[in-house]
Amino acid sequence: MWERLEALESKVSKSSRNSSQPPSSDGLRKTNSLREPSGNKPGAQPGHKGSTLKRTAEPTETIDHPLPRQCTRCHSTLPLAQSVVAERRQVIDVPASAFDVIEHRTLAVTCGCGQAHVSRFPTGVNEPVQYGRNVRALAVHLTQGQMLPYARAAELIADLYGLAVSPATLLAWVAEASAALQPTADQIAEHLRAAPV
């Protein structure tokens, strides 16, 4: 009987699940996919309608690549004023990321009667240097819409735009956005509570 048990044990491969061996001794195991093979080749299947990029009628920038000044065969001067567009190709890309700095200045003038007048900054321009609404909106979108952690969102803004924004600043912007949206959220909740369904 013991011989049969030993023979059975020798057929079963030992692992941390069925012995006192540590899990690190198991080594790498290949996992099998639960998906059944479809038999189709990878990629688009026959009959699939492909989609291609469409040319835009109004490109952001147009670059004309110059012709040589002289004919490559007879070396005569080419009539460049008569040249026509031979072919068009478009490259779609995102613009190189940068940031704009808009300086707001108030003006002062004194009337002939002695009354001084000073113009005012627009609402929201409160600090000597501050971030604008687009950066704030981007931070709220990354952390609340795309669910990025605050540190990673700050790192992404730094990588894309070269702006060093701290995670604590992002947290403050999210709190400001939340406070600004609270009346709207309350109104939506009230409509939902009053809805018959």
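The values are calculated or read from the model by the stated rules, or taken from the named source; none is laboratory data. In this text, all values refer to a predicted model and were calculated from it rather than measured experimentally. Note: ideal-geometry Cβ built from the backbone for every residue, glycine included; neighbour counts use all protein chains shown. When the accessible area is computed, the model is the full protein with side chains, heavy atoms only, and any ligands, DNA or RNA have been set aside. Shrake-Rupley method; radii C 1.70, N 1.55, O 1.52, S 1.80 Å.
Miscellaneous remarks
- Residue match in the stretch 175-185 (condition: at pLDDT 95 or above, part of a helix (DSSP H, G or I), within 22 Å of V101 (Cα to Cα) and out of contact with any Leu (no Cβ under 6 Å at 6 or more places or on another chain)): no
- Residue in the stretch 25-36 that is out of contact with any helix residue (DSSP H, G or I) (no Cβ under 6 Å at 6 or more places or on another chain) and either modelled with pLDDT of 90 or more or assigned to a helix (DSSP H, G or I) (or both) present: yes
- Annotation: of all residues in the stretch 86-111 being open to solvent by 90 Å² or more (accessible area, probe 1.4 Å) and farther than 30 Å from V129 by Cα, the one that is nearest to the chain's Cα centre (by Cα) is D93.
- Pairs with Cβ under 9 Å, 6+ apart, first in the stretch 64-85 and touching a residue at least 60 places away in the same chain (Cβ under 8 Å), second open to solvent by 90 Å² or more (accessible area, probe 1.4 Å) and not aliphatic (A, V, I, L, M): none
- Test: V135 is outside any helix (DSSP H, G or I) and of a type in the set (V, I, T): no
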